[in-house]
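Contents: one structure, followed by commentary.
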Amino acid sequence: MRKLAIGILVTVAACTAGNPAEGPSSNREGTPSSATGEPLPMRSLLQEYNTGLRDSVRQVITDGESLALVWAQAHEGRGEVPAVPSVDFTTEMVIVAALGTRNSGGYPITIDSVVASGTALHVYVRKTSPGPTCGTTGALTEPASIVAVPRSTASVVFDEIDQRSDCG
C-alpha cells in the first residue's frame, strides 16, 4: 500500500511540474511563481506580431523623445504612423520587448508582468515559439510588446521565459 501511495505522489508531481524548458511556472496573474515582491500595474501600449522592430530589444524608456523614436520604428513600413500614446513620464516609464525578425508567424513576445523586488524591477518577458504541429504563416514577423508602468529608479532586470506552443 505504501508503494502505491508513493507511486501516486510521484505521478501527480510529474504531471503538475510543467516543462522545465519552458522556464518558471506562472500563477494566474502571469507572474512567475519564483517572483517575490509586488506586481506593478501595467498598461499595454502595443502588442503586435508585425512591427518595424527588426532587432531583439529590451529597453526602458523614460522620456517622450525616445518613445516617439521607438513608436515610429515599430510602425515603419505600415503606412500612417498612429499617434504616440500619451505617457506622463513624471509618473510612468515605458518598457519595450521586441523579439526581432522571425521567418514565420507563431512567435509572440509578451511582457507578462513587472515585479518590484527589493532594489530591482523584474520584467518577465515570455517568448513563445511554435511547436512542430502548429500551422504558421510563411511571412516574416517582428513581434513586440510595449507597456507603461509606474516610474521607478530601481534597476531593471529582464527575466526571459521561453515557451513552446502545443497546437496538437
Query - Within segment 112-123, tally of residues that are open to solvent by 10 Å² or more (accessible area, probe 1.4 Å) and either among the polar types (S, T, N, Q) or part of a strand (DSSP E or B) (or both) - result: 6
**Report entry** segment 36-78, residues that are in a loop (DSSP other than H, G, I, E, B), touching a strand residue (DSSP E or B) at 6+ places or on another chain (Cβ under 6 Å) and not basic (Lys, Arg)
**Finding:** Thr36, Gly37, Leu40, Met42, Tyr49, Thr51, Leu53, Thr62
Query raised in the report: Restricting attention to segment 113-168, which residues are over 13 Å from Leu99 (Cβ atoms), free of Cβ contacts under 8 Å to residues at least 40 places away in the same chain and of a type in the set (Ser, Thr, Tyr)?
Result: Thr119, Thr133, Thr136, Thr137, Thr153, Ser155
**Report entry** Count of residues meeting criterion [at pLDDT 95 or above and more than 26 Å from Ser86 (Cβ to Cβ)] in segment 127-159
**Finding:** 3
Report summary line: Filtering segment 79-111 down to residues that are at pLDDT 95 or above, aliphatic (A, V, I, L, M) and not in a strand (DSSP E or B) yields Ala83, Val84, Val87
Query raised in the report: Which residues, taken from segment 68-111, are surrounded by 15 or more Cβ atoms within 10 Å (Cβ to Cβ), closer than 17 Å to Pro150 by Cβ and of a type outside the set (A, V, I, L, M)?
Result: Phe89, Glu92
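The values are calculated or read from the model by the stated rules, or taken from the named source; none is laboratory data. Everything numeric here is computed off the predicted structure, so don't read it as measured data. No Cβ is skipped: glycine too gets one built from the backbone with ideal geometry, and neighbour counts run over all protein chains shown. In case anyone asks, the SASA skips ligands and DNA or RNA and just uses the protein heavy atoms, side chains included. Shrake-Rupley method; radii C 1.70, N 1.55, O 1.52, S 1.80 Å.
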